[in-house]
Amino acid sequence: AIALALSITRHDRAQTRVRSCEQRLAGIIESAMDAIITVDANQRIVVFNAAAAEMFRCTPAQALGQPLEILLPERFRAAHPGHMRTFSRTQSTPRSMGRGSHIWALRADGQEFPADASISHAEVDGAPLFSVVLRDITARLAAEATLRDREESYRLLFENNLDGLLLADETGAVNRANP
């Protein structure tokens, strides 16, 4: 009887630790600033955090259980299963956060937006799960376009100025001169 009581106590402690780990993980996922979406082998959404809900303008209840394609613009839907098969087989993708290549995603209201994405694969109880971390880069791309436009305006102003202009560094060495 004592051995059984000890076994039950150990089991209860283990269960408490498991619940605690699950709660910590759920807290991390829910508080993440980036969207975190996980799909099962059938490409059905099984995790959709608060940042994803804000980014895609739909609630987790609306997204959970739905096919991932609801988040993809129509023009990419046909190619996506092939990309996922390749990733599942190779665990390799050309996509990763901040590397210049971005994807297009679709909000619930039909608005498309550019996103940085990073994908990963895990197996849970022998079943594959695919998670993507997404960051909306609409503002970043707009800022980059503004910067390019300003740089081009500056270049044109510099090169076409009727006055002679020199750019020198702090030692007085000329780095650039207009025609």
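Key figures
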{"item": "Test: residue in the range 27-45 that is of a type in the set (Asp, Glu), open to solvent by less than 90 Å² (accessible area, probe 1.4 Å) and not in a helix (DSSP H, G or I)", "result": "yes"}
{"item": "Verdict on Arg75 being of a type outside the set (A, V, I, L, M, F, W, C), open to solvent by 50 Å² or more (accessible area, probe 1.4 Å), in contact with a Leu (Cβ under 8 Å, 6 or more places away or on another chain) and more than 23 Å from Ile36 (Cβ to Cβ)", "result": "no"}
{"item": "Val18 vs. criteria open to solvent by less than 90 Å² (accessible area, probe 1.4 Å), of a type outside the set (Lys, Arg) and in a strand (DSSP E or B)", "result": "no"}
{"item": "Any pair with Cβ under 7 angstrom, 6 or more apart, that starts in the range 65-80 at a residue that is free of Cβ contacts under 8 Å to residues at least 40 places away in the same chain and ends at one that is assigned to a helix (DSSP H, G or I) and open to solvent by less than 70 Å² (accessible area, probe 1.4 Å)", "result": "Glu69/Arg77; Glu69/His80; Leu71/Phe56; Leu72/His80"}
{"item": "Residue within the range 49-57 that is in contact with a Ser or Thr (Cβ under 6 Å, 6 or more places away or on another chain) and either at pLDDT 95 or above or open to solvent by less than 40 Å² (accessible area, probe 1.4 Å) (or both) present", "result": "yes"}
{"item": "Ala63 being of a type in the set (Gly, Ala, Ser), modelled with pLDDT of 90 or more, surrounded by 15 or more Cβ atoms within 10 Å (Cβ to Cβ) and over 14 Å from the mean Cα position of the chain (by Cα)", "result": "yes"}
{"item": "Unmet criterion (only one of (1) open to solvent by 50 Å² or more (accessible area, probe 1.4 Å); (2) under 27 Å from Leu141 (Cβ atoms)) for Phe87", "result": "(1)"}
{"item": "Residue ID - farthest from Leu134 (Cα to Cα), chosen from residues in the range 34-53 that are without any contact (Cβ under 8 Å) to a residue 40 or more places away in the chain and out of contact with any Asp or Glu (no Cβ under 9 Å at 6 or more places or on another chain)", "result": "Asn42"}
{"item": "Leading residue by the ranking (surrounded by the most Cβ atoms within 10 Å (Cβ to Cβ)) among those in the range 114-160 that are out of contact with any strand residue (DSSP E or B) (no Cβ under 6 Å at 6 or more places or on another chain) and in contact (Cβ under 8 Å) with a residue 40 or more places away in the chain", "result": "Pro128"}
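The values are calculated or read from the model by the stated rules, or taken from the named source; none is laboratory data. Just so you know, these numbers come straight off a predicted model, no measurement behind them. Methodologically, a virtual Cβ is constructed for each residue, glycine included, from the backbone with ideal geometry; neighbour enumeration extends over all protein chains shown. Just the protein is used for accessible areas: all its heavy atoms, side chains included, with ligands, DNA and RNA removed. Shrake-Rupley method; radii C 1.70, N 1.55, O 1.52, S 1.80 Å.
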